[in-house]
1. Of these, Leu101, Leu134, which one is more than 26 Å from Met4 (Cα to Cα), in a helix (DSSP H, G or I) and open to solvent by less than 30 Å² (accessible area, probe 1.4 Å)?
2. Tell me the residue from Asp230, Asp249, Asp214 that is charged (D, E, K, R) and open to solvent by less than 10 Å² (accessible area, probe 1.4 Å), please.
3. For Gly28, which of the numbered conditions (1) over 16 Å from Met95 (Cα atoms); (2) at pLDDT 95 or above; (3) not hydrophobic (A, V, I, L, M, F, W, C) fails to hold?
4. Just checking, how many residues over the range 34-71 are within 25 Å of Met166 (Cβ to Cβ), in contact with a Phe, Trp or Tyr (Cβ under 7 Å, 6 or more places away or on another chain) and not in a helix (DSSP H, G or I)?
5. Which ones in the range 7-23 are open to solvent by less than 40 Å² (accessible area, probe 1.4 Å) and charged (D, E, K, R)?
6. Quick check on Ala43: is it more than 19 Å from Ala100 (Cα to Cα) and not basic (Lys, Arg)?
7. Can you confirm whether the range 45-59 contains a residue that is touching a Lys or Arg at 6+ places or on another chain (Cβ under 8 Å) and among the aromatic types (Phe, Trp, Tyr)?
8. Could you pull out the residue among Val216, Val247, Val198 that is out of contact with any strand residue (DSSP E or B) (no Cβ under 8 Å at 6 or more places or on another chain) and under 20 Å from Ala104 (Cβ atoms)?
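The values are calculated or read from the model by the stated rules, or taken from the named source; none is laboratory data. In this text the structure is predicted, and so the values were computed from the model without any measurement. Cβ placement follows ideal geometry from the backbone for every residue including glycine, while neighbour counts extend to all protein chains displayed. Areas reflect the complete protein model, heavy atoms only, side chains present, ligands, DNA and RNA absent. Shrake-Rupley method; radii C 1.70, N 1.55, O 1.52, S 1.80 Å.
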Amino acid sequence: MPVMAGAEPFSHDASGEIGVLLCHGFTGSPQSMRPWARHLAEAGFSVRSPLLPGHGTHWRELNRTRWQDWYDCDADAFDELRSRCDSVFVFGQSMGGTLALRLAQQRGAQVAGVMLVNPSVMSLRKGIAALPVLSRVWPSLPGIAGGIAKPDVAEIAYDRLPLRAMASLAQLWRLVRADLPVVTAPMVLCTSPADPVVEPVNSQIIADGVRSADLVQMPLPDSSHVATLDHDAPQIFARSVEFVRRVADERAGSRS
């Protein structure tokens with residue numbers, strides 16, 4: 001099935017020793033990460049923003065995939081960056097944040113640092129616990145609106161919520177929550193206080209659960225859920241470059 005225009009993956013190779021993997025959200029695509037990816041590329045970093053399986057085509061395709069497929073796609077991109085870069089950072093938005101955390105849990109010190117934008121590890125919405133049953137009855141439900149506060153900006157994402165895939169995401173949430181204490185990588189945790197899609201309590205659960213000694217929480221007061229396309233995007237992008245350069249310099253100093 002053809003990929004929707006604008007949803008294509010992003011890749012950039014730089015001559016430096018730093019790489020950044022960008023992980024997009026559930027039902028979304030690299031389009032939501034592309035301005036961030038370009039900013040990082042202009043800063044001199046190698047960048048990968050893969051299109052996750054089942055995304056960027058039709059919501060029925062997403063129902064044919066599971067969280068392991070999405071994780072493997074990001075993990076392959078991470079390994080490819082590591083083959084050419086000394087320090088590789090993993091950034092994620094929404095479910096992309098969930099996948100970034102899982103990479104930090106599975107790869108340990110290989111992950112130089114993590115930056116999360118409105119990451120998800122649970123949901124307070126009714127029906128989440130019943131997803132394994134509901135997904136056998138209904139293939140999808142209407143999508144969740146209200147992801148961007150900035151006018152005249154839209155995310156390329158499905159308008160339906162595929163329930164089999166959503167049930168798999170809920171399985172991933174449980175695994176990631178259980179292993180939060182394994183995460184020790186430096187972290188920037190960005191949260192929109194008025195996020196209508198991922199409850200801000202997710203960020204607090206992460207901050208309380210990880211063991212990252214270097215953890216900075218960054219509020220996004222003027223943005224909704226897809227903050228990388230919203231009012232606070234310039235602040236996110238600038239902070240990410242500062243974070244990458246500082247941590248990479250510290251890692252290089254510790255090796256010398």
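1. Details: Leu134 fails: open to solvent by less than 30 Å² (accessible area, probe 1.4 Å).
Exactly one residue qualifies, and that residue is Leu101.
2. Answer to the check: Asp230.
3. Just one mismatch for Gly28, condition (1).
4. Going through the range 34-71 one residue at a time, the tally reaches 3.
5. Listed by number, the list is empty, since nothing qualifies.
6. Yes: the conditions hold for Ala43.
7. yes
8. Numbers: Val216 fails: out of contact with any strand residue (DSSP E or B) (no Cβ under 8 Å at 6 or more places or on another chain); Val247 fails: out of contact with any strand residue (DSSP E or B) (no Cβ under 8 Å at 6 or more places or on another chain).
Checking each option against the conditions leaves just Val198.
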